[in-house]
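Presented below is the structure to which this report refers.
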Amino acid sequence: MASKKFLSLSDLEVISVMGGVLFLILTSQMSIPLKPVPITLQTFGVMLVGLTFKRSAAIKSIIFYLLLGAMGAPVFANFQGGYHCLMGPTGGYLWGFLAAIIFMTTFRKHLQNENLIYIFINCMLGTLIILACGFGWLGNFMGFEQAVKSGLFPFLIPGFIKIILVMISVRYLKLIQN
């Protein structure tokens with residue numbers, strides 16, 4: 001008689017997705033409350049999920065996070081929730097998370113290289129996708145020039161710092177895995 005596995009692959013994916021959503025919720029609450037868009041650790045969370053989760057679990061984590069927020073759960077920055085967050089000034093950044101995670105997991109899958117240069121490039125491109133979606137969308141609310149001033153420039157240095165933190169975190173996670 002064959003013994004039943006404690007967790008099937010689908011159970012492990014559900015646990016990964018739930019963990020990813022929880023991690024994104026936690027990182028979204030760590031913020032510097034700028035207007036109209038706060039600086040948060042959400043992009044750190046997105047990048048770490050994109051570099052460490054299996055592709056399907058990473059994408060599902062972002063989708064469920066966005067769905068929870070759209071349904072009104074206070075999962076976005078500063079305990080915000082509701083579909084208006086996805087359609088308002090910060091919505092582009094939130095949608096950018098999904099675009100970035102799809103890109104990052106595709107990049108990771110095709111290159112299958114985990115050295116620091118690869119991780120840096122993947123994070124840089126993921127960050128640029130989030131910022132492009134974010135300030136591009138924000139421009140609909142305040143004009144392009146103002147969106148660049150308040151929705152792009154303030155995020156460049158913090159974005160670079162988050163990339164370095166993600167690189168350190170990924171290397172550490174790989175070390176403790178071995």
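Summary table below
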quantity	calculated
Number of the exception - K54 against (1) in contact (Cβ under 8 Å) with a residue 40 or more places away in the chain; (2) in contact with a Gly (Cβ under 8 Å, 6 or more places away or on another chain)	(2)
All helices (runs of 4 or more DSSP H) inside region 99-178 with 2 or more residues being within 23 Å of S61 (Cβ to Cβ)	116-142, 153-177
Counted residues, region 113-135 - those being closer than 18 Å to W95 by Cα and without any contact (Cβ under 8 Å) to a residue 40 or more places away in the chain	6
Matching residues in region 136-178 - criterion: being under 30 Å from G88 (Cβ atoms), among the aromatic types (F, W, Y) and exposed (fewer than 15 other Cβ atoms within 10 Å of the Cβ)	F144, F153, F160
Flag if T43 is under 17 Å from F160 (Cα atoms), free of Cβ contacts under 8 Å to residues at least 24 places away in the same chain and under 14 Å from the mean Cα position of the chain (by Cα)	no
Region 15-35 residues that are touching a residue at least 40 places away in the same chain (Cβ under 8 Å) and over 21 Å from L51 (Cα atoms), paired with ones that are hydroxyl-bearing (S, T, Y) and outside any loop (DSSP other than H, G, I, E, B) (beta carbon under 6 Å, 6 or more apart)	S31/T40
Hits in region 22-34 (condition: among the β-branched types (V, I, T) and buried (at least 24 other Cβ atoms within 10 Å of the Cβ))	none
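For (1) surrounded by 15 or more Cβ atoms within 10 Å (Cβ to Cβ); (2) over 23 Å from L128 (Cβ atoms); (3) modelled with pLDDT under 95, each residue gets a yes or a no:
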residue: P36; (1), (2), (3): no, no, yes
residue: V49; (1), (2), (3): yes, no, no
residue: F64; (1), (2), (3): yes, yes, no
residue: M71; (1), (2), (3): no, yes, no
residue: G82; (1), (2), (3): yes, yes, no
residue: G92; (1), (2), (3): yes, no, no
residue: G96; (1), (2), (3): yes, no, no
residue: M104; (1), (2), (3): yes, no, no
residue: H110; (1), (2), (3): no, no, yes
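The values are calculated or read from the model by the stated rules, or taken from the named source; none is laboratory data. Everything quoted here is computed from the prediction, not taken from an experiment. Glycine also receives a Cβ, built like all others from the backbone with ideal geometry; neighbour counts cover every protein chain displayed.
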